[in-house]
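Take a look at the structure below.
The values are calculated or read from the model by the stated rules, or taken from the named source; none is laboratory data. Not measured: the values here are computed from a predicted model. Note that we place each Cβ from the backbone using ideal geometry, even for glycine, and neighbour counts take in every protein chain shown. Only protein heavy atoms, including side chains, enter the accessible area calculation; ligands, DNA and RNA are left aside. Shrake-Rupley method; radii C 1.70, N 1.55, O 1.52, S 1.80 Å.
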Amino acid sequence: MTDPARLSASGIRARLDEGRASSVELTRACLERVRRADGELGAFVRLNPEAEREAEEADRLIREGRAGPLTGIPVAVKDNINTAGLETGAGSSVLAGFVPLRDATVVARLRRAGAVVLGKTNLDEFGMGSSTENSAHGPTRNPNDLERVPGGSSGGSAVAVAAGMAPLALGSDTGGSVRQPAAFCGVVGIKPTYGRVSRSGLIAFASSLDQVGVFAADVEGAALLLDGISGEDAGDQTSLSTDAPVTPATFDGDAHGLRVGIPREYVGAGLDAGIRGGIDAAADALSAAGAAVEEVSLPHTRYAVPTYYLIATAEASSNLSRYDGVRFGARSGGGGGGGGGGDLPQMYRGTRTQGFGPEVQRRILLGTFALSSGYYDAFYGKAQRARTLVRRDFEELFDRGVDLLLTPTTPTPAFRLGEKLDDPVGMYLSDVYTVTASLAGLPALSLPVGLTGDGLPMACQLIGSHLGEATVFRAAFAIESRLTGTGASDA
Ligand code: GLN
């Protein structure tokens, strides 16, 4: 069996369909690679003991001619996405021992499509972070440089794909948690339009921003997986009916007729010179493919980080109030049946003090303050108004006929482990280019554009209009095929 690290999802599909490989072989190869490489990377927190059995089932479907696009392909799943019967901990001690009764809708769709759930990947606790260092399981490391972070919060999923342990992976993105680790690890990652993918069974962080996203080694793989999980769902009132799939078959590398804007607020001071060069290369690739590239402005960009961190913490403080030691996971301190002799408030306090890590506690405190009486208008209310301004910036450009925005994904390449742990604001600023699309609910894809002199991945971000994923993928494929000379199936 060819090393799965060397195959794209479409390459794997072709091998499975032509009988040149089985899902069992492929799944074993992935598991073997996890066993060899993951000791030092720390991408997985748990493997699925049923993975090989699921692969056998997939092989049966393939033999019977009933395979769909994802049948038999192993997928890694971020550990804040519920998997029935397989512990799901969101990187938090407070959820230790929590075994979901039901699959998240995205996982149920994958299983129905015959994909193989390989295992659960590490993350910043409840998705709060940009480095995958805030995890009860310890940090995940960047395969390009073990002293550097993989980005976060979906660092485990990004590393699983970057290190060839899984061809595809699910993550979640609230303010950049798919795109930033994709950028740091050199893989493709997309946060879809808010509502394209059901959030049912995704452990909530900030519900007006959370979206499940996908990772793949190439653009085509990302489209394949996104199509497999998209669509309206009765379990999520905010999910949208999307009858416009992102069909990989329509990718041809052409970008004629596309108007692409580069917002000047994203390429000014603070942007790494190497990454700036990568954005220029992506712009040149788009022009060569026939697109018209122009400079544009998104004037309210500078409000995005403070706005995001007010809204996200406010929603988090509300969502995380459910972890009280009674309904889920761990319990500690006080009475409540624990026999400790304390009272109920003591039990709540003990559970939440011991169960949540320092970053989660910081956010609960910030969010509770922002929502508290007397401060609500000054903080949360104002943040909601600023969010509208950020969204309108995008709408005005799309109304003027711009189809897509090209930006950096991150201001710098991957930083060192520990470098920003004592500097929460510095950590928050690493999301400066990703939180805008989250606030506006727009689709945004991170695409590798080469390596720095030190061999670290660099990336650009393509932001599309509401449900404009097909255009985002079309442009991404055009850039990928020109920059890497591939982008087509390697089958
Ligand atoms: N890094 C951002 C944060 O810490 C985004 C996280 C995410 O998208 N889940 O909130």
Open item on the list: As an exercise, identify the trypsin sites (Lys or Arg not before Pro) in segment 398-460 lying in DSSP coil whose Cβ has no more than 11 other Cβ atoms within 10 Å.
Closed with: R400
TODO: At 0.36 nm per residue, minus the direct Cα-Cα distance, what do R362 and E32 gain on full extension? Give it in nm, one decimal, please.
DONE: 114.9 nm
- [ ] With r as the distance between the Cβ atoms of K382 and A14 and R0 = 60 Å, compute the FRET efficiency 1/(1 + (r/R0)^6) and round to 0.05.
- [x] 0.70
Open item on the list: Looking only at segment 38-169, where both bridge partners belong to it, what percent of the DSSP beta bridges are antiparallel (to the nearest 5)?
Closed with: 40 percent
- [ ] Please report how far the C-alpha centroid of segment 420-458 lies from that of segment 66-85, rounded to the nearest whole angstrom.
- [x] 26 Å
Open item on the list: Which lysines, if any, have their Cα less than 18 Å from the Cα of K120, not counting same-chain residues under 8 positions apart?
Closed with: K78
Task: Rounded, prolate or oblate (a/c below 1.5 giving rounded, otherwise prolate when a/b exceeds b/c) for the chain by Cα gyration tensor - done: oblate
TODO: Any chance you could run the full-extension gain for E419 through A244? It's 0.36 nm times the residue separation minus the Cα-Cα distance, nm to one decimal.
DONE: 58.7 nm
Task: Of all DSSP beta bridges in the chain, antiparallel share, percent nearest 5 - done: 70 percent
Task: For segment 203-219, Karplus couplings with θ = phi - 60° (6.51, -1.76, 1.60), whole Hz, Gly/Pro x - done: 5, 5, 10, 10, 5, 7, 10, 4, 8, 6, x, 10, 10, 8, 6, 9, 4
TODO: At 7 Å along the Cα-to-beta-carbon direction for both A292 and L344, put a label point, then send me their distance in nm to one decimal.
DONE: 6.6 nm
TODO: Leaving out ligands and nucleic acids, note down the accessible area per residue over the chain with a 1.4 angstrom probe, in whole Å².
DONE: 37 Å²
- [ ] Take the Cα gyration tensor of segment 351-443, multiply each eigenvalue by 5, square-root it, and list the three semi-axes largest first, rounded to whole angstrom.
- [x] 29, 22, 10
- [ ] Mind listing the long-range amide H neighbours of R148? Cut-off is under 5 Å, sequence gap 5 or more, other chains count too, H placed in the peptide plane at 1.01 Å from N.
- [x] N142, L417
Open item on the list: With n ≥ 4 as the cut-off for DSSP H runs, can you work out [θ] at 222 nm for the chain, using -39500 (n - 2.57) per run divided by the number of residues, rounded to the nearest 500?
Closed with: -11500 deg cm²/dmol
TODO: Sort segment 402-451 into rounded, prolate or oblate with this rule: let a ≥ b ≥ c be the square roots of the eigenvalues of the Cα gyration tensor; rounded if a/c is under 1.5, and if a/c is not under 1.5, prolate when a/b is larger than b/c, oblate otherwise.
DONE: oblate
Open item on the list: For F44, what residues show an amide H to amide H distance below 5 Å, using hydrogens built from the backbone and excluding near sequence neighbours?
Closed with: N122
